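J.: If you scroll down you'll find the structure; I have some questions about it.
Computed from the coordinates by the stated procedures, all read-outs in this text should not be read as laboratory data. Since this is a predicted model, take the numbers as computed values, not measurements. Glycine gets a Cβ as well: all are built from the backbone with ideal geometry, and neighbour counts include every protein chain shown.
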Amino acid sequence: EELFQAGLIKVVFATETLAAGINMPARTTVIASLSKRTDNGHRLLTSSEFLQMAGRAGRRGMDLQGHVVTVESPFEGSREAVHLATSGADPLVSQFTPSYGMVLNLLQTHSLEEAKNLVERSFGQYLATLHLAPQQAEIQRLEQAIAHHQAQLDTIDQAVLADYAKLKGRLKEERRLLKTLQQQAAAVLTEDVAKMVPFAIAGTLLTLKGKHIPVAQPVPAVLVTKLQGSGQFPYLVCLTQDNRWYVVTAADVVGLHADIPRLQAVDTLAPPTDLPPAPGQHRRGDDQTAALVATLPTPPSLDMMAPEVKDQLDRTQQVEAALDNHPARQWDNPNALLKRQKQLEGLQAEWRDRVEKLARHTGRYWQEFLNIMDVLKHFGGLHNNKPTELGEMAAAIRGDNELWLALALDSEEFDHLDAAQLAAACAALVTENSRPDSWCRYQLSDTVEDALGGLHTIRRQLFKQQHRHWVTAPIWLEYDLVGLVEQWALQVDWVTLCDHTSLDEGDIVRILRRTLDVLSQIPHVPYLSDTLRTTARDAKDLLNRFPVNEEIN
């Protein structure tokens, strides 16, 4: 910063993160790309990221105006640049997340009720409440609709209406069963009729319904004559009870009543000359045929021909009669009341679902707080909602997972390690290897591997409890890269260290500084042995040299 402000450094290349954290005003800022690659894929810069970099242009007291240059690419150009330059700042996003350290530190000085009040007053909870405003409005609308429906149903005897609904459901089932039995009986009857039709003679009484005579109910008819068909069976020329001539096939005959005497009067009849000899063709009859069909006997219903169908029909009619005479008929339209009752039940179910989701989201942060408490209680970090010795150890540590660090330090697995070995062991607890292609040629010493191996059971138990209670704090235990830390503590020079790994220098420094941060905390963690505290100080001194500490002797 000082060299740049003095004009001794002419150009600085920086990411938007670095641009936000340094004080380097310049006459001109060049934004090389309007997009960036992230863990979730390629995306456009946010307004805040763009404005943070653009805001470096123009030196106070030196330039009347600053200049911002954006570099065009095949994917982003002037339209995107203008959009970012004219957009307002992005809304604030809460990074509030309960952690082991937060829970323990709050419970050290506050009661559980006071801690809950503090959590619910957090900015994250405030944003969550704003986000849930539409949900709350919808719940109020549902409550009003439920009250309206209940007012309509308050004067109704619910027991009577429920009995009516039950009886109506039974009628639906009886009708379904009746339809099934009718279809089965018709299938059996059709099979028998198909065998008899070729032998039917003129004057035989038939019942017709099918593809070539599409009627709602089977129609009585008399067979007048047969015509040569296109296949094995002849076409049938029939005269129906409604005085119409039809040409049908054997498949259209659903009933053949051989027990009823044939109608001899058809012997003198002849089909109309204009009736085409094709299935489905029909013509209206004349006065002569009208007089004849008036004498047609009414054949028995197909339903009556199957006893099981008749029995089911009787049961169905009994239920229909019971519905017609039900006490619910005292109200004008019980079916409308049933519909309203069903709507009310649907509204109540939706209301319960929304209230449950609202409660879950409204108390999200407090529930996370309670989940962390459950994990702490399992490992003995809390007793009667107050930190135990283990809890106080975790409360004194800063890290991604304070409980994991406290359990590791309390396990006594590190007490016998020397300074370089302790540095490597601590690095294993805080290092995340996010790149599977990373490598390091330095192997951990057997002593460190044994110490880390002693933590596997504790780590497995912590994984299990965190999964059970929906706690997502990471539980690092890195073996592959932390040999770098041990070698650095053994005073290997920087160039040699970098030659033995695929990591960039910045990544190596980050690992060493994270390790240094943990080591600097260990002397201040209560209940640890004096030996471990002293070793941690020594390890810190071994690691804290250039370029880790940025000081050049």
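J.: Using the Cβ atoms and a cut-off under 14 Å, what net charge is assigned to the surroundings of THR534, where Lys and Arg are +1 and Asp and Glu are -1?
T.: Around THR534, the surrounding residues sum to -2.
J.: Follow-up. Sorted by average packing, counted as other Cβ atoms within 10 angstrom per residue and highest first, what order do 233-242, 186-195 take?
T.: 233-242, 186-195
J.: Please compute the net charge surrounding LEU84, taking Lys and Arg as +1 and Asp and Glu as -1 over other residues with Cβ under 13 Å from its Cβ.
T.: Combined, the nearby Lys, Arg, Asp and Glu give -2.
J.: I would also like to ask the following. Nearest 10 degrees, 0 to 90: what angle lies between the long axis of helix 334-362 and the longest principal axis of the chain (Cα atoms)?
T.: The helix 334-362 is inclined about 10 degrees to the chain.
J.: What is the antiparallel percent of DSSP beta bridges lying wholly in the range 2-86, to the nearest 5?
T.: Antiparallel bridges: around 45 percent, rounded to the nearest 5.
J.: Could you compute the net charge surrounding CYS498? Neighbours are other residues with a C-beta less than 15 Å from the C-beta of CYS498; K and R count +1, D and E count -1.
T.: -2
J.: A further question follows. Can you list the aspartates and glutamates whose alpha carbon is less than 19 Å from that of LYS357, not counting same-chain residues fewer than 8 positions off?
T.: GLU120, GLU138, GLU143, GLU345, GLU368
J.: Please give the length that would be gained between GLU143 and LEU358 if that part of the chain were fully extended, namely 0.36 nm times their separation in residues minus their C-alpha to C-alpha distance (nm, one decimal).
T.: 76.0 nm
J.: I would also like to ask the following. Give the calculated FRET efficiency between ASP311 and LYS195 to the nearest 0.05, with a Förster radius of 30 Å applied to their Cβ-Cβ distance.
T.: Efficiency at R0 = 30 Å is approximately 0.65.
J.: So how far apart, in nm, are the two label points at LEU338 and VAL82 if each is 7 Å from Cα heading toward Cβ?
T.: The two pseudo-label positions are separated by 6.4 nm.
J.: Here is a follow-up. Would you please give the FRET efficiency between VAL188 and GLU345, computed as 1/(1 + (r/R0)^6) with r the Cβ-Cβ distance and R0 = 45 Å, to the nearest 0.05?
T.: FRET efficiency, VAL188 to GLU345: 0.60.
J.: Counting DSSP beta bridges with both partners in the chain, what percentage is antiparallel, nearest 5?
T.: Here the share of antiparallel DSSP bridges comes out near 85 percent.
J.: A further question follows. With just the Cα atoms defining each centre, how far is the range 447-507 from the range 202-217? Give it in Å.
T.: Taking the Cα centre of the range 202-217 as reference, the centre of the range 447-507 is 87 Å away.
J.: Suppose the chain between LEU18 and ALA322 were pulled fully straight at 0.36 nm per residue; how much longer would it get relative to their current alpha carbon spacing?
T.: Length gained, LEU18 through ALA322: 101.2 nm.
J.: Helix 419-430 versus the longest principal axis of the chain: what is the Cα-based angle in degrees, 0 to 90, to the nearest 10?
T.: Between helix and principal axis, roughly 30 degrees.
J.: Rounded to the nearest 20 Debye, what is the dipole magnitude of the chain about its Cα centre when Lys and Arg each give +1 and Asp and Glu each give -1 at the C-beta?
T.: Rounded to the nearest 20 debye, it is 2400 debye.
J.: Let me ask something else about it. Could you tell me whether the range 186-299 comes out rounded, prolate or oblate from its Cα gyration tensor? Rule is a ≥ b ≥ c as square roots of the eigenvalues, rounded for a/c under 1.5, then prolate if a/b exceeds b/c, otherwise oblate.
T.: rounded
J.: So how do 276-288, 45-57 stack up, highest first, on mean other-Cβ count within 10 Å?
T.: 45-57, 276-288
J.: On a full-extension model of 0.36 nm per residue, what is the gain between VAL93 and ALA290, subtracting their alpha-carbon distance, rounded to one decimal in nm?
T.: Here the answer is 62.1 nm.
J.: With a 10 Å radius around each residue's Cβ, average the other Cβ atoms per peptide and rank 535-547, 467-479, highest first.
T.: 535-547, 467-479
J.: So what's the angle, to the nearest 10 degrees on a 0 to 90 scale, between helix 133-153 and the longest Cα principal axis of the chain?
T.: Once rounded, one gets 30 degrees.
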